[in-house]
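Notes follow the structure.
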Amino acid sequence: MSKPTPISGFPEWTPAQRMIEQFVLDRIRDTFELYGFAPLETRSVEPLDQLLRKGETSKEVYLLRRLQADAEGPAGDDALGLHFDLTVPFARYVLENAGKLQFPFRRYQIQKVWRGERPQEGRYREFLQADIDIVDRDTLPAHFEAEMPLVIGDALRSLPIPPVRIQVNNRKICEGFYRGIGLTDPESALRAVDKLDKIGPAKVVELLAETAGASEAQAKACLSLAEISAPDASFADAVRALGVSHPLLDEGVDELVAVVETAAAHSPGLCVADLRIARGLDYYTGTVYETQLVGYERFGSVCSGGRYDNLASSGAARFPGVGISIGVTRLLGLLFGADALSVSRSVPTCVLVAVIAEEQRAASNAVADALRSRGVPTEVSPSAAKFGKQIRYAERRGIPYVWFPGAEGAADEVKDIRSGEQVAAAAGEWTPPRADLRPLIGQG
């Protein structure tokens, strides 16, 4: 077999990086559960008509097809695609299982998703997301929109990463403002403003004219709204100072004030109202969120989401919701690329049990069993080489302790190969220092 060619956009972490990822996932999962979110996993595929129902996603969806068609196989397989986020499949799940769920339904979901993007630093074609959503039947109180940043703030603050800043806006502000200045296609205006960071103000003005029918004055008004940013509720005064009036605008301002003030009471500095944040997906209808990693702002958001009212609906049944998603692979990829995360050793093993001779391997296995039964990660030396070689094996793998079974009735001994200290020990009693029990994850 010739040497394989790597496929871009499908990251494969090293074992050390994977341990960091597992640590991150455990911390995120713990925080989600502290807030009462229950775990859920949905299938990887959805019907194409569902995946393409909302938002500009058709160029990003991967199809699921068999190489050779099976005339007797299940119908409709050629109309399936891999999910590009976890919100659309979650909405479908709610509709299918509404009779079994208790509302408001709070769930978290940590799964791979697939998106046909151009691979680059921080952007992948296969990546892991960690989502939370709250859905209710018929109506969803706005206070749930204020809860989302609190959960994410606590989850990310529990990790050894740079601080984050959650930028929040409300689509009602944008839509109400656009309608208030006379634009009749607010959705196109939203999509144009959402590209502000990518193409700049001049191009956005052109795009507003082309897609939303905006005059030069209307386009400049849109940019004036997008320029408003504040770490507190003072953004509301700046919006009102623009002199535009619309009931939807007022409703959105009130809701965003509640989000910003709730976040400030819980964690000062966590949230900032930024009215250029629009989010490109069409299904958002209220508060929207984007999260920047301080020092990595040029890479864009690492955690995004928003309020949606019409994504989960069928006939008279309607299940509005709000959700937010941490791009776990994106976050880690950026930090790995900057060597900003470290792990104290590249294997979980805390103790290597030496083997005196192959015919005595059973004794070493018994020591390992005793240590493992007490929660100490342990492996047995792969060979009965000279002790010096077994110690060097442990050093290469970053294992801090080597255990020497006692010969001919002598007491066992354990050696800290970093300090050279060696003491008598019993496998049923000895415990390593807490800092050595598991690999430690830290910054840089």
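Go through the residues of the range 419-437 one by one and say whether even a single one is more than 30 Å from Ile110 (Cα to Cα), aromatic (Phe, Trp, Tyr) and either touching a residue at least 60 places away in the same chain (Cβ under 8 Å) or open to solvent by less than 60 Å² (accessible area, probe 1.4 Å) (or both).
First, the residues of the range 419-437 that are more than 30 Å from Ile110 (Cα to Cα): 419-433.
Restricting the remaining residues to those that are aromatic (Phe, Trp, Tyr) gives 430.
Imposing the further condition that a residue be either touching a residue at least 60 places away in the same chain (Cβ under 8 Å) or open to solvent by less than 60 Å² (accessible area, probe 1.4 Å) (or both) reduces the set to 430.
Yes, because at least one residue in the range 419-437 is more than 30 Å from Ile110 (Cα to Cα), aromatic (Phe, Trp, Tyr) and either touching a residue at least 60 places away in the same chain (Cβ under 8 Å) or open to solvent by less than 60 Å² (accessible area, probe 1.4 Å) (or both).
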- request: Enumerate the pairs (first residue in the range 85-96 and closer than 19 Å to Gly327 by Cβ; second residue anywhere and open to solvent by less than 10 Å² (accessible area, probe 1.4 Å) and part of a helix (DSSP H, G or I)) with beta-carbon separation below 7 Å, excluding pairs fewer than 6 apart on the same chain, so at least 6 apart or on different chains.
  value: Val88/Leu51
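Take Arg307 and decide whether it is in a strand (DSSP E or B), open to solvent by 10 Å² or more (accessible area, probe 1.4 Å) and among the basic types (Lys, Arg).
Values: in a strand (DSSP E or B): yes; open to solvent by 10 Å² or more (accessible area, probe 1.4 Å): yes; among the basic types (Lys, Arg): yes.
In short, yes.
Can you tell which of Ile161, Ile166, Ile181 is farther than 24 Å from Tyr308 by Cβ, within 24 Å of the chain's Cα centre (by Cα) and buried (at least 17 other Cβ atoms within 10 Å of the Cβ)? Even if it seems obvious, please write down each step before you answer.
Numbers: Ile166 fails: farther than 24 Å from Tyr308 by Cβ; Ile181 fails: within 24 Å of the chain's Cα centre (by Cα).
Exactly one residue qualifies, and that residue is Ile161.
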- line: Picked from the range 118-151 (must be open to solvent by 40 Å² or more (accessible area, probe 1.4 Å) and under 26 Å from Leu63 (Cβ atoms)), the residue farthest from the chain's Cα centre (by Cα) is Arg118
message: Among the residues of the range 1-19, are any over 30 Å from Asp136 (Cβ atoms), at pLDDT below 90 and either open to solvent by less than 100 Å² (accessible area, probe 1.4 Å) or in contact with a Pro (Cβ under 7 Å, 6 or more places away or on another chain) (or both)?
response: yes
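Among the listed residues Phe299, Phe319, which satisfies the condition of being of a type in the set (Phe, Trp, Tyr), over 30 Å from Gly200 (Cα atoms) and touching a strand residue (DSSP E or B) at 6+ places or on another chain (Cβ under 8 Å)?
On the way: Phe299 fails: over 30 Å from Gly200 (Cα atoms).
Going through Phe299, Phe319 in turn, the sole match is Phe319.
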field: Test result for Gly200, in contact with a Ser or Thr (Cβ under 7 Å, 6 or more places away or on another chain), more than 16 Å from Tyr284 (Cα to Cα) and open to solvent by less than 40 Å² (accessible area, probe 1.4 Å)
entry: no
message: Looking at Leu25, Leu40, Leu34, Leu51 in this structure, which one is open to solvent by 90 Å² or more (accessible area, probe 1.4 Å), in contact (Cβ under 8 Å) with a residue 12 or more places away in the chain and over 20 Å from Pro119 (Cα atoms)?
response: Leu34
query: Could you say which residue among Ser304, Ser229, Ser267 is in contact (Cβ under 8 Å) with a residue 40 or more places away in the chain and in contact with an Asp or Glu (Cβ under 6 Å, 6 or more places away or on another chain)?
result: Ser229
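Give the residues of the range 282-301 that are under 21 Å from Leu51 (Cβ atoms) and touching an Asp or Glu at 6+ places or on another chain (Cβ under 8 Å), sorted by residue number. Reasoning before the result, please.
Looking only at the range 282-301, we keep the residues that are under 21 Å from Leu51 (Cβ atoms), and these are 282-285, 288.
If the condition is that a residue be under 21 Å from Leu51 (Cβ atoms) and touching an Asp or Glu at 6+ places or on another chain (Cβ under 8 Å), then Asp282, Thr285 are the ones that fit.
How do the helices (runs of 4 or more DSSP H) wholly within the range 169-255 filter down when requiring 2 or more residues that are modelled with pLDDT under 95, of a type in the set (Val, Ile, Thr) and on the phi < 0 side of the Ramachandran plot: which remain?
Per the criteria, 196-212.
Suppose the filter is on the phi > 0 side of the Ramachandran plot and at pLDDT 95 or above; does Gly36 pass it?
Numbers: on the phi > 0 side of the Ramachandran plot: yes; at pLDDT 95 or above: yes.
Taking the combined requirement at face value, the residue satisfies it.
Taking Ala312, is it modelled with pLDDT under 95, buried (at least 21 other Cβ atoms within 10 Å of the Cβ) and over 30 Å from Asp436 (Cβ atoms)?
Details: modelled with pLDDT under 95: yes; buried (at least 21 other Cβ atoms within 10 Å of the Cβ): yes; over 30 Å from Asp436 (Cβ atoms): yes.
So Ala312 fits the description; yes.
Assess whether Leu140 counts as being at pLDDT 95 or above, within 23 Å of Phe90 (Cβ to Cβ) and in a loop (DSSP other than H, G, I, E, B).
Details: at pLDDT 95 or above: yes; within 23 Å of Phe90 (Cβ to Cβ): yes; in a loop (DSSP other than H, G, I, E, B): yes.
So Leu140 fits the description; yes.
The values are calculated or read from the model by the stated rules, or taken from the named source; none is laboratory data. Note that the coordinates shown come from a computational prediction; the quantities given were computed from them, not determined experimentally. Don't worry about glycine lacking a Cβ; one is built from the backbone with ideal geometry, like all the others, and counts go over all protein chains shown. Accessible surface is based on the protein model in full, side chains and every heavy atom, while ligands, DNA and RNA are left aside. Shrake-Rupley method; radii C 1.70, N 1.55, O 1.52, S 1.80 Å.
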